[in-house]
Amino acid sequence: MVTYLEKCSELSLTARVAIALKVFDGFCAENSLSSPLINEFTNYLWEWPLIDGPEQFTLWESSKPFLVHYGIGDDVNSELNLLLSESRVNESRFRKIIGGIVEILWGSFWSGCENEQSLNSLNIVIEQSSVQDLPNLTPFKFSKFSDNGGWGNQVILEDVTYWKNCVNYV
């Protein structure tokens, strides 16, 4: 039997981060986590599939929100600490989820696509979030790791909107 993660191995890094964001949405819903910090983080990462070219990338990457920095290793701030405390979400677990999402992309930005590393990061997001339902992979299947050096072919706004709003689960 092919596992969920093995099916994800065919998908691009862009599709993998989209799946991780869908898993994170489920985690936030199941844990009543809602905050401008989270909205800023997810909105920022949903912009990634639409980045086209070095100029757009440089501008986008240089505007990283706090949770991306946190996922890379920055200390927790008081706003996040309060949010996690009120929601009774373990900070270490939350850091692993955010770090996994961030590493799917940042682990490959400057050294070429890291297939195994990005799959391991996605697996961390899935395991640490412990969500009841995982996203159906069908909407993401057209964005393949075999295209564009692992990043998948460029997608359009309608694709990203569909990914962002699809609620099908396996």
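A short reminder: the numbers here are calculations on the coordinates, not readings from a lab. These numbers were taken from a predicted model, which means no experiment stands behind them. Note: ideal-geometry Cβ built from the backbone for every residue, glycine included; neighbour counts use all protein chains shown.
Taking all Cα pairs closer than 8 Å and separated by 6 or more residues, the relative contact order of region 44-157 comes to 26 percent. For LEU11, nonlocal amide neighbours, meaning residues 5 or more places apart or on other chains whose placed amide H falls under 5 Å from its own, are PHE145. Annotation for region 64-101: trypsin sites (Lys or Arg not before Pro) lying in DSSP loop with at most 12 further Cβ atoms inside 10 Å of their Cβ are ARG88.
The share of C-alpha pairs in the chain whose separation exceeds 26 Å stands at 23 percent. All Cα-Cα separations within region 1-70 were binned at 10 Å from zero, giving a P(r) of 17, 42, 31, 9, 0, each value a whole percent of the pairs.
Within region 37-89, the percentage of alpha carbon pairs spaced more than 13 angstrom apart rounds to 64%.
Charged side chains reduced to their Cβ positions (Lys and Arg at +1, Asp and Glu at -1) give region 39-103 a dipole of some 360 debye around its Cα centre.
Size of region 63-137 from its Cα atoms: along the principal axes, largest to smallest, the extents are 38, 32, 18 Å.
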